[in-house]
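The next block holds one structure in the form of structure tokens; read it before the comments.
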Amino acid sequence: MKKIFLPFMLVIFLITGCAGNKDSDKVGDTKLIIGIDDNYAPMAFHDEKGELVGFDIDLARETANRMDVEVEFKPIDWSKKKEEITSGNIDIIWNGLDITDERKEYMIFSKPYMKDRQIILVKAGNDQGIITEGDMEGKIVGTQAGASPENYINGNEELLNSLREFKTYPNFKEAFTALDSGEIDVLICGELTARYEIGKTPGKFKVIEVTVGPVWEIGVGFRKDNVALRDRVQKAFDEIVKDGTAREISEKWFQADLINYKR
């Protein structure tokens, strides 16, 4: 009886194991589920009609079109993006995603396609004497939970301890509201988002020309075991860069070609 049972179980194991690998390879064959923060203008947000729009939304849609697959954008809690991507609730994250060492522990990335730096915003007419990063001492500072500035501030004990208070918000929409209302003195966010918001509401906020932390490269994030999907997306993205479509999308949103990309 043992001579029959053991080989039979081995066959079952090999069949299920092969099927599992096959399913993993087919992720994204017919549909891409893309995790986003849908309050992150101009990367992904809802316009006056309630429609989902944005720079990264346009790039992702065009890439999916080249891959001949459907695309579903799934809003996620940005501070829970690790759980979302590793659990399989989403296939990829495409939303102004900084490529950081911490994120490389649980994700693989496309080639970077943009650069962004974290800058300081204050209310117009009240720069509070801020000229350098250290001038935030004694201020109430805010940023988005799970964003690069949170990790940078929390990892810089001297800077963190110098602040009167450090607050985080679920999204930058709420963070901008906090700055406008005076709940925080200073907001740290990506320059792309900051300049878009200033252009949309002229006279309300001011950029302090201070870079907080390193300049980050932006890429598309995938689960570590999804190398095949990463490569398929990369191939399609290469095409829209080569034929100028990515440049046109950048010019639509930023009035400039900000694609920083090496094929």
Residues in segment 172-191 that are open to solvent by 20 Å² or more (accessible area, probe 1.4 Å) and closer than 21 Å to Asp56 by Cα: how many? 3
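Have a look at Lys206, Lys111, Lys167 and point out the one that is under 26 Å from Lys252 (Cα atoms), open to solvent by 30 Å² or more (accessible area, probe 1.4 Å), of a type in the set (Lys, Arg) and not in a loop (DSSP other than H, G, I, E, B).
Working: Lys111 fails: not in a loop (DSSP other than H, G, I, E, B); Lys167 fails: under 26 Å from Lys252 (Cα atoms).
Of Lys206, Lys111, Lys167, the one residue that is under 26 Å from Lys252 (Cα atoms), open to solvent by 30 Å² or more (accessible area, probe 1.4 Å), of a type in the set (Lys, Arg) and not in a loop (DSSP other than H, G, I, E, B) is Lys206.
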Note on Glu105: of the conditions (1) over 13 Å from the mean Cα position of the chain (by Cα); (2) touching a residue at least 24 places away in the same chain (Cβ under 8 Å), unmet is (2)
Can you tell me which residue among Glu51, Glu72 is closer than 19 Å to Glu84 by Cα, exposed (fewer than 14 other Cβ atoms within 10 Å of the Cβ), out of contact with any Asp or Glu (no Cβ under 7 Å at 6 or more places or on another chain) and modelled with pLDDT of 95 or more? Glu72
For the subset of segment 235-263 comprising residues that are open to solvent by less than 20 Å² (accessible area, probe 1.4 Å) and touching a Lys or Arg at 6+ places or on another chain (Cβ under 7 Å), which member is farthest from Gln118 (Cα to Cα)? Ala236
Reported set for segment 187-203 where residues are closer than 16 Å to Ser250 by Cβ and in a helix (DSSP H, G or I) is Glu191, Leu192, Thr193, Arg195, Tyr196, Gly199
Residue satisfying all of: in segment 209-263; assigned to a strand (DSSP E or B) and among the acidic types (Asp, Glu); nearest to Leu32 (Cα to Cα) among these: Glu217
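The values are calculated or read from the model by the stated rules, or taken from the named source; none is laboratory data. This one's a predicted model, so the numbers in the text were calculated from it and none came from an experiment. Here Cβ is always computed from backbone atoms with ideal geometry, including for glycine, and neighbour counts include all displayed protein chains. Just the protein is used for accessible areas: all its heavy atoms, side chains included, with ligands, DNA and RNA removed. Shrake-Rupley method; radii C 1.70, N 1.55, O 1.52, S 1.80 Å.
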